[in-house]
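Inspection log for the structure reproduced underneath, given as structure tokens.
Please treat every number below as a calculation from the coordinates, not as lab data. Note that the structure is predicted; figures quoted are calculated from it, not measured. Counting neighbours? That spans all protein chains shown, and the Cβs are built from the backbone with ideal geometry, glycine included.
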Amino acid sequence: MKPVYTEVKWRKGSFFKADANAALKEIEALNKRHGGYAPDGSLVEHARSPKSVLHNDFEWNDEIAGNKFRLITEKNIKRSLVVVTEKLNEDQIEPTEIRLFQRAKIECGGKPQRIWLNTFDMLKDPEGRQQLVDNAKKELEAFTNKYKALSELSDVLEPISLFLKK
């Protein structure tokens, strides 16, 4: 059963230029051409055509795109580094993995800038700690929005929703 969309738009913070409805139509048509599920990379190949509504949302200069890919690799490296701690508090006995770096917003020359900061340094700083809490709330909200259609998760999603309303 195909869901009924009341509105199609880009997620807040997205930078895509194409009309979201037109992009959805292209993706659905591409899926149909591939028997329902287009494989990874097929959208890139489709969007190579200047006739595609998504063409201008891709970087076609290989030198620039190569650098962007390296930046994605850099982010993945920083996202992937964890430390194992024996105990965070008195109740916790099992070893826990904690991501070593987190995205943070700082002021630099009067302009906000996004950088990677050590998680433990952020925990020591009230502003950094608040940023971690705010990030966690955004992730919980995204998780809730992603899975709210699954009644099997209602026992998990309900307390999260209550927490987020505080």
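For Gln113, the requirement of being surrounded by 11 or more Cβ atoms within 10 Å (Cβ to Cβ), among the polar types (S, T, N, Q) and within 19 Å of the chain's Cα centre (by Cα) is not met. Please find, within the range 96-110, the residue that is farthest from the chain's Cα centre (by Cα) out of those that are surrounded by 11 or more Cβ atoms within 10 Å (Cβ to Cβ) and not β-branched (Val, Ile, Thr). Checked the range 96-110; the qualifying residue farthest from the chain's Cα centre (by Cα) is Leu100.
Of all residues in the range 124-145, at least one satisfies being of a type outside the set (Phe, Trp, Tyr) and not in a helix (DSSP H, G or I). Restricting attention to the range 9-63, the residues being among the hydroxyl-bearing types (Ser, Thr, Tyr) and surrounded by 14 or more Cβ atoms within 10 Å (Cβ to Cβ) number 2. Of the residues in the range 33-46, at least one is hydrophobic (A, V, I, L, M, F, W, C) and free of Cβ contacts under 8 Å to residues at least 12 places away in the same chain. Taken over the range 152-166, the criterion of being acidic (Asp, Glu) and within 23 Å of the chain's Cα centre (by Cα) is satisfied by Glu158 alone.
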